[in-house]
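Reading through the structure tokens given below for one structure.
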Amino acid sequence: MTDHPSAAPQPSALPQGKPTSYSRVTLSRIMTAVDVNLYGTVHGGVLMKFVDDVAGAAAARHSGGTAVTAAIDEIVFSEAVRVGDLVHAHAQVNWTGQTSMEVGVRVVAERWDSAEDEPVPVATAYLVFVGVDVGGLPRPVRPVLPETPEDERRYREAEIRRAHRLARRRAIQAHREA
């Protein structure tokens, strides 16, 4: 009996998993007058770009290459950010599929006028990224390996959000075809 090549990927060709902590990234910046909206607080779009930047860094780190934003599943602003605040955006990969990843982001602000106080939570977000090759086509991403009960909770909740995204997409498509 001879061995025949299989169409299934060989174990050495599959990406090795990485722990959740491997993807963690923090970006920080001081908000300035150019970031302000008409109401005198930092523009939500500035924070959205900051969120996308930190999430992209976490996705690229985890996947070991280029990853592009496929969706912003949710962003919630809970507190205004002011000029002079030192803002920190913390991101990590919560869940991985074959080519996609969910990245969770938490944004906090250190108030410029009360630096000794605890940072204030200002936003949370969930983004979906897809790993892409040099041609821009989806490529496999390595699995994320939750390390703590908190990581495991985030993984399970990410699966719920994914199921809701897919169900919403199916419902909208069915409505369009009706």
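Can you sort TYR39, TYR22, TYR155 by solvent-accessible area, 1.4 Å probe, largest first? Please list the in-between numbers first.
Numbers: TYR39 195, TYR22 90, TYR155 60 Å².
If we order TYR39, TYR22, TYR155 from most to least accessible, we get TYR39, TYR22, TYR155.
Where does the charge balance sit around ASP117 when Lys and Arg score +1, Asp and Glu -1, over other residues with C-beta under 15 Å from its C-beta?
Within the 15 Å Cβ shell, the charges total -4.
Rounded, prolate or oblate: pick one for segment 107-155, where a ≥ b ≥ c are the square roots of the eigenvalues of its C-alpha gyration tensor, a/c under 1.5 means rounded, and failing that, prolate if a/b is larger than b/c, else oblate. Oblate, because a/c is 1.5 or more while a/b does not exceed b/c.
Around ARG156, what is the net charge, scoring Lys/Arg as +1 and Asp/Glu as -1 over all other residues with Cβ under 13 Å from its Cβ?
Details: positive: ARG153, ARG154, ARG161, ARG162; negative: GLU102, GLU150, ASP151, GLU152, GLU157, GLU159.
It works out to a net charge of -2.
In percent, rounded to a whole number, the relative contact order of segment 93-148 is 40, using alpha-carbon pairs under 8 Å and six or more apart. Calculate for the chain the 222 nm mean residue ellipticity that helices alone would give, adding -39,500 (n - 2.57) per DSSP H run of length 4 or more and normalising by residue count, nearest 500 deg cm²/dmol. My calculation for the chain gives -10000 deg cm²/dmol from helical runs alone. Accessible surface area normalised per residue over segment 30-123 is 48 Å², counting heavy atoms of protein chains with a 1.4 Å rolling probe.
With a Förster radius of 30 Å, plug the Cβ-Cβ distance of THR26 and ASP133 into 1/(1 + (r/R0)^6) and report the FRET value to the nearest 0.05. Let's see the in-between values first.
Numbers: r = 28 Å, r/R0 = 0.93.
The computed FRET efficiency comes out at 0.60.
Could you identify which residue out of VAL130, VAL83, VAL54 has the top mean-square fluctuation in a GNM of the chain using Cα springs shorter than 10 Å? Maximum fluctuation in the GNM of the chain, among the listed residues, is at VAL83. Building the convex hull from the alpha-carbon atoms of the chain and averaging its projection over directions returns 15.7 nm².
On the protein heavy atoms, probe 1.4 angstrom, tell me the percent of accessible surface of the chain carried by carbon and sulfur.
Working: 6130 of 10780 Å².
The C+S portion of the solvent-accessible surface of the chain is 57 percent.
A straight line joining the Cα centroids of segment 156-178 and segment 56-89 runs 23 Å. Would you work out which of HIS88, ALA171, VAL130 lies farthest towards the positive end of the dipole of segment 45-173, given +1 charges on the beta-carbon of Lys and Arg and -1 on that of Asp and Glu, about the Cα centre? Of HIS88, ALA171, VAL130, it is ALA171.
FRET efficiency for the TRP112 to GLU152 pair, using the beta carbon distance and R₀ = 30 Å, is estimated at 0.25.
The values are calculated or read from the model by the stated rules, or taken from the named source; none is laboratory data. Nothing here was measured: the structure is a model prediction, and the numbers come from that model. Neighbour counts are summed over all protein chains in view; Cβ atoms, including those assigned to glycine, are modelled from backbone coordinates with ideal geometry. The protein model used for the area step is the full one, side chains on, heavy atoms only, and it has no ligands, DNA or RNA in it. Shrake-Rupley method; radii C 1.70, N 1.55, O 1.52, S 1.80 Å.
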